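Enquirer: For reference, the structure I am asking about is given below.
The values are calculated or read from the model by the stated rules, or taken from the named source; none is laboratory data. Everything quoted here is computed from the prediction, not taken from an experiment. Heads up, the Cβs are rebuilt from the backbone with ideal geometry, glycines too, and the neighbour counts pull from every protein chain shown.
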Amino acid sequence: MRETDFIEHNKEKWERYEASLEQSDQDPELLNQLYVHTTDDLSISRTFYPNRSVRVYLNGLAQRTFLQIYRGRRGEVSKFFTFWSQELPWVVYRRRRPLFISLLIFMLSMAIGVLSYRIDATFAETILGTDYVSMTEANIAGGDPMAVYKSPDAFGMTLYITLHNILIALLTFIAGAFFCVGSVVLLIRNGVMLGVFQYFFFDRGEFSELALPPGLDWAARGLSWLFTAGGNGFEKIFASLVYLSSDEGVFRESLLTIWIHGALEISSIVIAGGAGLTLGSGLLFPGTLTRLQAFVRSARDGLKIMLGTVPLFIIAGTLEGYVTRQTELPEVLRFLFILLCFAFIGWYYVVYPRVIARSGPPERTTGRRITTTFGGTYPVRQIRTLGEQLSTAFGVLGKGLGRLLLIGASIAVGFCALSFSFGPAAAGRYRFVSYFFGDVENFYRLLTSFGESREISYTLLVAGGFYALFRLSFSVVQRYTDLERPPFEASRELHLLMICGLLALCFAFNGTVVALLVFLTLPCLLLWAVGSYLFAIPFKTVFRLAYTNLGSSYGILLLLLLIYLPVTYLIDTVIGEFFFQFLDWVIYTDGGNIDAYNVILQAFCYYYLLAMLFCSCIVAYTLALGSLWEIDTASDLRRRIARLGKDRRIKGLVRE
């Protein structure tokens, strides 16, 4: 073919390609196909027209594509700084309304706390605890009201406070998933507590005994009449402001001490509340999107805002452990430091986001899209990163959510009914704990047999529960992925039952050594069940893939635990507590029956949550094994190579 004919035959395609490169909103599928065709033409020109201008033109066109794709790629360090300098401030500006509402709720809650204390001083003992009030009063009487911050173990205090504050903020954030109600409740609780806490020091200070200087008395009385209907409440507050510069006052000392770390700590709690309201806003106000799509977007933004508070909590914990105790520091220095902390919060979360917003949204670095096959199913044999495996797993779980919730509840009811049908009385059947990581122990108590003096029949019941959950998970995977449903074979079912029996035996005993063995073998057993039932992969291959790819094997398990445990703890401590109190109000019976009902209900809730976690693990491990199998064998790549030349795709459609 002559060069002129070659150009005439392909120039329309090249023009379309150039036009696609100039567009800001590009179709990645079309761009990909045009790029492939253009590089093929470049190969032809290099072979037949090596010294002609068409080769130079096509080479430049291919280079433009390459530079456009790779010029935005940055290293991990650059991405880290971009997150703090551009991405987080932009999200804060875009979600400024939930953050402002969070601040408003917190401030109103503080006012409620102050008003409640003024009405009834014993309210402080209800909110702060009798022991804390007594200890603080003793410290005030001893002349060191801030002695509580002077623990000899500064490092231990710092670590405990930091982890505790992060946990509180995490719960406040996750509670927003319940249509924002949980975040609002926790913001009110913390705001009331802070209001009571500060007014407690004000009430114990010298300001309650001070008289106003001549000349200011008339102003305070007038304002007192306006705000407190002739009472002396405003006089007291006005007096505190007048005497803040004096050398006396427990209240003044508390302000200059507590807010050294409180400026960042309290601000971070308010920001975490705003993140929780952002999380729930997707469910409340989906707009033109589905609720699931809106929730995913709001959850992404809320998580970014929540992550932004972690360094603040670490700094606040360090200040509380090492700096707050330095009450002998000059008061001017402490006051300026507090102002500096508030100034930083105001600049980074109010001023700077507006500056970023004027320059437009930051350049986004996104991962690959979660691709689906024809009919909306997800491909399993596809190489994915750990994050993509987890995202795709939640996509599959989202499509099968109704099936999972309904059948999972039926399995939980069946398990609990059989569990309480034999053995000791219901009230003594399980002994659940209530601390944060105790939910792992509660899950274990549902599965262990010999550690709780139960019979071998209970182990068989646990194995049966695992089998039912495996079949539920496999039904969701086969329905919403491209895996073919295997024909029914008795040998395959017996093999799955054997693995379920091994899992039940792993959990049958308790102890530290046994728990370690369970942790070491659990990913392999789960992958073995998935591989043998869905992929027909032998155990030797599964074992090699599991323990030569520890990041995938254990990363999925740990990430799912990090997601599920805070939700479980929140349901257990906040929603569960309200629900159990409601049952106590509406059910009139003796204490023994109430305890039995509570244990039965707790067992159902814990097993139901365990079932959801287990099904999530199975779906995620199915995608992980598909990715590992593709890396190991390249079976899907070989299949696609064999189809090259048999069809052409234009904008995702096959044209014969």
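Enquirer: Output yes when any residue across segment 477-496 is aromatic (Phe, Trp, Tyr) and assigned to a helix (DSSP H, G or I), and no when none is.
Expert: Step one: of segment 477-496, the residues aromatic (Phe, Trp, Tyr) are 480, 488.
Imposing the further condition that a residue be assigned to a helix (DSSP H, G or I) reduces the set to 480.
So far as segment 477-496 goes, yes, one or more of its residues are aromatic (Phe, Trp, Tyr) and assigned to a helix (DSSP H, G or I).
Enquirer: Condition (residue is farther than 16 Å from Tyr607 by Cα, modelled with pLDDT of 85 or more, charged (D, E, K, R) and out of contact with any Leu (no Cβ under 9 Å at 6 or more places or on another chain)) applied to segment 392-409: is it met by at least one residue?
Expert: Checking segment 392-409: at least one residue is farther than 16 Å from Tyr607 by Cα, modelled with pLDDT of 85 or more, charged (D, E, K, R) and out of contact with any Leu (no Cβ under 9 Å at 6 or more places or on another chain).
Enquirer: Where in segment 149-252 are the helices (runs of 4 or more DSSP H), entirely inside, with at least 1 residues that are closer than 30 Å to Gly282 by Cβ and at pLDDT 80 or above? Don't jump to the end; show me each part of the working.
Expert: On the way: elements: 154-174, 181-204, 217-228, 233-242.
The qualifying helices (runs of 4 or more DSSP H) are 154-174, 181-204.
Enquirer: Looking at Leu340, Leu336, Leu329, which is the one that is out of contact with any Leu (no Cβ under 8 Å at 6 or more places or on another chain), within 26 Å of Glu87 (Cα to Cα), of a type in the set (A, V, I, L, M) and surrounded by fewer than 18 Cβ atoms within 10 Å (Cβ to Cβ)? Lay out the reasoning, then the answer.
Expert: Working: Leu336 fails: within 26 Å of Glu87 (Cα to Cα); Leu329 fails: within 26 Å of Glu87 (Cα to Cα).
Among Leu340, Leu336, Leu329, only Leu340 is out of contact with any Leu (no Cβ under 8 Å at 6 or more places or on another chain), within 26 Å of Glu87 (Cα to Cα), of a type in the set (A, V, I, L, M) and surrounded by fewer than 18 Cβ atoms within 10 Å (Cβ to Cβ).
Enquirer: Also, I was wondering about something else. If the requirement is being farther than 19 Å from Tyr93 by Cα and either in contact (Cβ under 8 Å) with a residue 60 or more places away in the chain or of a type in the set (Ser, Thr, Tyr) (or both), which of these qualifies: Val270, Val323? Can you show your working first?
Expert: On the way: Val270 fails: farther than 19 Å from Tyr93 by Cα.
Exactly one residue qualifies, and that residue is Val323.
Enquirer: Looking only at segment 483-509, count how many residues are in contact with a Ser or Thr (Cβ under 7 Å, 6 or more places away or on another chain) and surrounded by 17 or more Cβ atoms within 10 Å (Cβ to Cβ).
Expert: 4
Enquirer: Filter segment 527-549 down to the residues that are farther than 15 Å from Leu496 by Cβ and within 30 Å of the chain's Cα centre (by Cα), then identify the one that is surrounded by the most Cβ atoms within 10 Å (Cβ to Cβ).
Expert: Across segment 527-549, the extreme among qualifying residues is Ala546.
Enquirer: Name every residue in segment 101-124 that is under 12 Å from Asn190 (Cβ atoms) and either among the small types (Gly, Ala, Ser) or outside any helix (DSSP H, G or I) (or both), in order of residue number.
Expert: Scanning segment 101-124 gives Ser102, Ser109, Gly113.
Enquirer: Would a scan of segment 73-80 turn up a residue that is within 26 Å of the chain's Cα centre (by Cα), under 30 Å from Trp347 (Cα atoms) and either modelled with pLDDT of 75 or more or not in a helix (DSSP H, G or I) (or both)? Let's see the steps before the verdict.
Expert: Within segment 73-80, the first condition is being within 26 Å of the chain's Cα centre (by Cα), and the residues that meet it are 74-80.
From the residues that got through so far, the ones that are under 30 Å from Trp347 (Cα atoms) too are 74-80.
Still in the running and either modelled with pLDDT of 75 or more or not in a helix (DSSP H, G or I) (or both): 74-75.
Yes, segment 73-80 contains a residue that is within 26 Å of the chain's Cα centre (by Cα), under 30 Å from Trp347 (Cα atoms) and either modelled with pLDDT of 75 or more or not in a helix (DSSP H, G or I) (or both).
Okay, residues lined up against (1) in contact (Cβ under 8 Å) with a residue 40 or more places away in the chain; (2) part of a loop (DSSP other than H, G, I, E, B); (3) not assigned by TED's automatic domain parsing to the domain that holds Cys605:
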site	(1), (2), (3)
Arg381	yes, yes, yes
Ser391	no, no, no
Val396	yes, no, no
Leu406	no, no, no
Ala409	yes, no, no
Ala417	no, no, no
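Enquirer: Still on this structure, I have one more. Considering every residue within segment 513-521, establish whether at least one is more than 25 Å from Asn442 (Cβ to Cβ) and in the same structural domain as Phe470 (by TED's automatic domain parsing). Working first, answer last.
Expert: Keep residues of segment 513-521 that are more than 25 Å from Asn442 (Cβ to Cβ), which gives none.
No, segment 513-521 contains no residue that is more than 25 Å from Asn442 (Cβ to Cβ) and in the same structural domain as Phe470 (by TED's automatic domain parsing).
Enquirer: Next question. Could you list, in sequence order, the residues of segment 323-346 that are closer than 13 Å to Trp259 by Cα and charged (D, E, K, R)?
Expert: Arg325, Glu331, Arg334
Enquirer: For segment 1-45: of the residues being of a type in the set (Phe, Trp, Tyr) and within 42 Å of the chain's Cα centre (by Cα), which is modelled with the lowest pLDDT? If you could, list the steps in order and put the result at the bottom.
Expert: Start the filter on segment 1-45 by keeping residues that are of a type in the set (Phe, Trp, Tyr), which leaves 6, 14, 17, 35.
From the residues that got through so far, the ones that are within 42 Å of the chain's Cα centre (by Cα) too are 17, 35.
On the way: Tyr17: 73, Tyr35: 68.
So the residue we want is Tyr35.
Enquirer: Within segment 474-497, identify whether any single residue is touching a residue at least 12 places away in the same chain (Cβ under 8 Å), closer than 28 Å to Ser421 by Cβ and of a type in the set (A, V, I, L, M), and answer yes or no.
Expert: yes
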